[in-house]
Every structure is written in structure tokens, then in C-alpha cells.
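Since the structure comes first, as C-alpha cells, the remarks are kept for the end.
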Amino acid sequence: MKLLVFGQTGQVAQELVRLAPGALYLGRATADLADPAACAAAIRAHRPEAVINAAAWTAVDRAEAEEAAARVVNADAPGAMAQACADLDIPFVQISTDYVFDGSGHTPWRPGDAPAPLNAYGRTKLAGEQAVRVAGGRQVILRTSWVFSAHGANFVKTMLRLGASRDHLRIVADQIGGPTPADAIAGACLHLARALRDGAPGGTHHFAGTPVTSWAGFARETFALAGRTVTVEDIPAADYPTPARRPLNSCLDCSALTAEFGITPPDWRAALARVVAEVKGE
């Protein structure tokens, strides 16, 4: 399959390079998402069999002060990509986020539940979803949560860095969700791109790791696998204020994705063991 991927340095993009080394990967130098027209032009120039957008503005707190810039990257650019794909009848996979929801309640969010983002990042990602849907064509929007890998900046790498010099950390325990390995997201995106190419219906789906945990629980498992003796003190999110509000309930119901595409939620604990081993080996 002739595949075009937007993104080169992000967590999912780097895992896609491992899984699909023959794909064309466009980074900021060749297709800057701050220039949506250039992204659309790249699709028209290369005429791939499928497109995956693995690039985004992911600086959640900075988006509070720079929402207009984040909106161009997270909404206008995916909309332009989706329109170019629709015009050429090319399958398009867009990665979105649990942050489109307000995090209320305790029930896992289903794809059809009403979004209500709490922060600028969530608003821009939701606007991207809406722009992709308006474009039409063959497309899947894949919402995911708590992405981690051995690459880039993420919670696991932060914990390993802090745990190397501290024996006690205070970690939020009332935000719950499913940590999701970036390599599993990459695999799911490839599966969806091929399925769309072969005529499968698109839509909006959820994909997250299992079982559900808290950030504090995620940290404890990380330290255990790394062989670090670090005491994790549970604290409420209110004790760790950030510019952007985070949803307390980020649990995603992935059953529709499994039923329609046979893609099952990954066990994040097994993936975490691989990631910790890779980071420690670097």
C-alpha cells in the first residue's frame, strides 16, 4: 500500500516508521501543519493509496495561551487533508483524543457521546474532527488517550527521569484512563487505512489501553518495572493545578472498534515493560 503519513518525530509517527518503513513520511520541513494548503498540496502531488495524520499540536498547556495557532494545526490542517483525500477518493485516518470529553461521571465514553472539551487543546481537536467529517470521503477518526512510548516526551519518560533522583513523588490519583502504547496506535492506524482501502465503512472510534488506572497507578507500575524504589503519594488533581483543566474520567469504550474492525485494546502493562526496557537500554 502506498501510504503517506503526516509526522516524523511524534510518538505514533516514530512507531509507524518501524511498522511501515516504506511509507512516505512528511515532517515540518516538507509539510508544515501550520500551512494547511501545503498539506493538501502534498496529498495531491503524491496521490497515495491512504493517508494517516500522525502530527498534531500536543502542548496542552501552551494551547491555552496560543489557541489560534493550535487550531490551525489541529483543525484547519486535518480539514484540508481530509478534503484533498475526499476529492481524490483516498482513505484518511485522523488521530484524536479523549480530551474532547469533559471527564464527568465514571462510565467509559462511547464514540457517540456528546463532546464537551474542558480546554483549548480539546476544543481544537474537536474542531479538527468536525472539519474532517464535513470533508466527507472514506475516513476514520480514532480517539485515544494517555499515549506513551520510548520516544519523545510522555508520562513514562518523565517518571523514569524523576525517579532517578527522587524517592518520593506526589501523583494525581483521581484522573483515570487507559494508557495507550504508541506502537499499538500505529498498528491500529495501519489496520484502519487498509480496511478503508478495501471498502470498510469509516466513522469515529475509540482505542485505548486496558485495564483502567490512575496516573498514580501508572507511575507505580512504571517504577516497579524499572526496579526503582519510589514512594508514590496519591493526590487529587486540585493539588496539581495546570493552565489547562484535564478530564477526570478519560476512560474510552472501545467495543465498537473491536466489533467492526477486530482491533482489540492493548494491555498497557505488557507494552510498558517493553518501553521501560528500551528507555533503560538507551
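Any read-out appearing in this document is the output of simple, stated calculations on the displayed coordinates, not a laboratory observation. Since we're looking at a predicted model, the values are computed, not measured. Every residue, glycine as well, gets a Cβ built from its backbone with ideal geometry; the counts of neighbours run over all protein chains shown.
Ranked by how many other Cβ atoms sit within 10 Å of their own Cβ, fewest first, the residues D98, D89 fall in the order D89, D98. When a/c is below 1.5 the answer is rounded, else prolate if a/b is larger than b/c, else oblate, so apply that to the stretch 1-54 with a ≥ b ≥ c taken from the square roots of the Cα gyration tensor eigenvalues. In terms of gyration-tensor shape, oblate. For the chain, with a Gaussian network of springs between Cα atoms less than 10 Å apart, report the residue from A270, A150, A38 with the top mean-square fluctuation. For the chain, modelled as a Gaussian network with Cα springs under 10 Å, the answer is A270. With a ≥ b ≥ c taken as the square roots of the eigenvalues of the C-alpha gyration tensor of the stretch 205-282, please select rounded if a/c is under 1.5 and otherwise prolate if a/b is larger than b/c or oblate if it is not? Oblate.
Mean separation of Cα pairs under 8 Å and 6 or more residues apart, divided by the residue count, gives the chain a relative contact order of 22 percent. Ranking S255, F218, A238 by how far each Cα lies toward the positive end of the dipole of the stretch 180-255 (charges on Cβ) leaves S255 at the top. Label-to-label distance for A34 and D267 is 4.4 nm, based on points extended 7 Å past Cα in the beta-carbon direction.
DSSP finds beta bridges in the chain, and of those with both partners inside it, around 5 percent are antiparallel.
Sequence-ordered 3J(HN,Hα) estimates for the stretch 176-187 from the Karplus curve with 6.51, -1.76 and 1.60 and θ = phi - 60° stand at 10, x, x, x, 10, x, 4, 5, 5, 5, 4, x Hz, glycine and proline given as x.
Using modelled amide H (1.01 Å from N, peptide plane; none on Pro or chain starts), what sits under 5 Å from the amide H of G103, excluding residues fewer than 5 places away? It is N249, by chain and number. Seen through its C-alpha gyration tensor, with square-root eigenvalues sorted a ≥ b ≥ c, the chain comes out prolate because a/c lies at 1.5 or above while a/b is bigger than b/c. Taking a point 7 Å out from the Cα of D234 in the direction of its Cβ, the residues of the stretch 161-192 whose backbone N falls within less than 20 Å of it are 168-179. The angle between the Cα long axis of helix 268-281 and the longest principal axis of the Cα atoms of the chain comes to about 80 degrees, rounded to the nearest 10. When each of R220, R197 is scored by the number of other beta-carbon atoms lying within 10 Å, the sequence from fewest to most is R197, R220. Only the Cβ atoms of Lys and Arg (+1) and of Asp and Glu (-1) were treated as charged; on that basis the dipole of the stretch 238-282 about its Cα centre amounts to roughly 140 debye. When the Gaussian network model of the chain links Cα atoms closer than 10 Å, the mean-square fluctuations of L225, L272, L192 top out at L225. Considering only P78, P117, V60, the residue lying farthest towards the positive end of the dipole of the chain is P78, judged by Cα position with unit charges set on Cβ. In this simple spin-label model, placing a label point 7 Å from the Cα along the Cα-to-Cβ direction at both T242 and R197 gives a separation of 3.6 nm.
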